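Report on the structure given below.
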Amino acid sequence: MPETPSPSVISEDSAVQIHPLAVVDPRAELAEGVVIGPGAVVGPGVRIGANSWIGPHVVLDGRLTIGSSNRIFPGACLGQEPQDLKYRGAPTEVVIGDHNTIRECVTINRATDEGEVTRIGDHNLLMAYCHLGHNCLLGNGIVMSNGIQVAGHVEIEDRAVIGGCLGIHQFVHIGGLAMVGGMTRVDRDVPPYCLVEGHPGRVRGLNRVGLRRRGLDQSNGGEELRQLQDIWTLIYRSDLVIAESLRQARQTALLPAADHLCSFLEASISKGRRGPMPAAGGR
């Protein structure tokens with residue numbers, strides 16, 4: 001009688017490595033170099049890109065597309081039905097890009113209505129116990145610390161950094177290169193390039209450390225960062241209402257950073273949005 005393979009041995013009969021204790025539906029699509037760890041469960045609607053590592057006891061379900069070179073750590077559950085009472089069984093999906101690290105026990109729910117998607121870009125780090133609700137849209141290069149609970153329809157732009165143990169209200173938008181301090185209550189839009197913290201959250205100033213790390217202090221001989229600071233001061237430290245301060249800012253030839261800040265805030269004050277987070281000690 002042939003010996004039963006040891007549970008610690010990975011099957012190597014193809015370019016895909018599936019542990020004998022993993023459960024992989026034969027209809028799942030696994031690209032070359034994928035590794036599936038012990039106890040992992042991969043459903044029929046799952047597609048996994050090349051060289052992605054799926055750790056022990058990960059559950060991948062529903063219509064779920066995972067790009068290449070991702071690392072998904074033990075206990076993560078991706079692609080399950082949304083926790084939304086309006087969900088009626090539509091074939092919605094989760095799409096995850098390339099080179100993401102998704103740590104232990106992260107949960108990512110698919111979207112609610114037909115044709116909708118929960119989407120994550122590339123090169124993101126989601127630390128342990130984060131939750132992404134239905135219809136969330138994440139860009140690239142985002143860092144989310146442990147225990148962040150993100151409600152439905154939240155959008156997070158590129159290279160935002162979010163501290164741990166906090167909740168983000170549904171429909172909130174977080175701008176690129178923003179820094180959110182741990183345990184902040186995030187119930188309004190977080191403008192790009194800004195540092196926010198507190199309970200309730202308040203804008204404290206520009207994320208100057210993050211901006212320098214991205215080289216903004218060298219852009220256009222330093223003029224881009226100087227202009228961004230001037231526009232931030234006009235918006236948050238003058239006596240003007242935001243709409244008027246934005247109108248005045250638009251009278252200047254804006255460089256990309258200041259233009260993005262103004263565009264974000266113009267959208268944030270429009271009908272149907274949560275509105276921008278106010279500044280500490282101000283409006």
- Single residue of S238, S268, S245, S263 found to be touching an Asp or Glu at 6+ places or on another chain (Cβ under 8 Å) and of a type in the set (S, T, N, Q): S268
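Considering only residues of segment 100-129 that are assigned to a strand (DSSP E or B) and among the hydroxyl-bearing types (S, T, Y), which is surrounded by the fewest Cβ atoms within 10 Å (Cβ to Cβ)?
Step one: filter segment 100-129 for residues assigned to a strand (DSSP E or B), giving 101-102, 107-109, 117-120, 125-126.
Now drop any that are not among the hydroxyl-bearing types (S, T, Y), which leaves 101, 107, 118.
On the way: T101: 17, T107: 20, T118: 27.
This residue is T101.
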- Query: Do you know which of the residues in segment 238-283 that are at pLDDT 95 or above and basic (K, R) is surrounded by the most Cβ atoms within 10 Å (Cβ to Cβ)?
  - Reply: R274
- Task: Could you grab me the full set of residues in segment 163-185 that are free of Cβ contacts under 8 Å to residues at least 24 places away in the same chain, within 25 Å of G272 (Cβ to Cβ) and of a type outside the set (G, A, S)?
- Result: L166, I168, I174, V180, T184, R185
- Single match in G97, G139 (criterion: under 18 Å from I66 (Cβ atoms), within 10 Å of the chain's Cα centre (by Cα), surrounded by fewer than 23 Cβ atoms within 10 Å (Cβ to Cβ) and among the small types (G, A, S)): G139
- Scan of segment 120-147 for residues that are closer than 18 Å to V94 by Cα and among the polar types (S, T, N, Q), ordered by number: N124, N135, N140
- Taking segment 203-228 and keeping residues assigned to a helix (DSSP H, G or I), surrounded by fewer than 18 Cβ atoms within 10 Å (Cβ to Cβ) and either within 25 Å of the chain's Cα centre (by Cα) or β-branched (V, I, T) (or both) leaves R208, V209, R212, R213
- Note on the structure: Of those in segment 124-159 that are of a type in the set (A, V, I, L, M) and touching a Cys at 6+ places or on another chain (Cβ under 7 Å), the residue farthest from F264 (Cα to Cα) is A128
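I'd like the full set of residues that are of a type in the set (D, E, K, R) and part of a loop (DSSP other than H, G, I, E, B), limited to segment 229-269. Spell out the reasoning first.
Within segment 229-269, the first condition is being of a type in the set (D, E, K, R), and the residues that meet it are 230, 237, 239, 244, 247, 250, 259, 266.
Scanning segment 229-269 gives D239, R250.
So for segment 100-109 (the condition being at positive phi and within 18 Å of the chain's Cα centre (by Cα)), does at least one residue qualify?
Applying the first criterion (at positive phi) to segment 100-109 yields 105.
From what is left, the residues that are within 18 Å of the chain's Cα centre (by Cα) are 105.
Looking through segment 100-109, at least one residue is at positive phi and within 18 Å of the chain's Cα centre (by Cα).
Could you identify the single residue in R208, R226, R212, R159 that is basic (K, R), on the phi > 0 side of the Ramachandran plot and modelled with pLDDT of 95 or more?
On the way: R208 fails: on the phi > 0 side of the Ramachandran plot; R226 fails: on the phi > 0 side of the Ramachandran plot; R212 fails: on the phi > 0 side of the Ramachandran plot.
Step by step, each of R208, R226, R212, R159 is checked, and only R159 is basic (K, R), on the phi > 0 side of the Ramachandran plot and modelled with pLDDT of 95 or more.
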- Note down all Cβ pairs under 7 Å where the first residue falls in segment 80-94 and is not assigned by TED's automatic domain parsing to the domain that holds N135 and at pLDDT 95 or above, the second is hydrophobic (A, V, I, L, M, F, W, C) and assigned to a loop (DSSP other than H, G, I, E, B), and they're at least six residues apart or on different chains. none
- Task: Output the residues belonging to segment 178-196 that are on the phi < 0 side of the Ramachandran plot and either among the aromatic types (F, W, Y) or not in a loop (DSSP other than H, G, I, E, B) (or both).
- Result: M179, V180, R185, V186, D189, V190, C194, L195, V196
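The values are calculated or read from the model by the stated rules, or taken from the named source; none is laboratory data. The structure displayed is predicted, hence computed values, not measured ones. For neighbour counting, all protein chains shown are included, and Cβ atoms are generated from backbone atoms with ideal geometry for every residue, glycine included.
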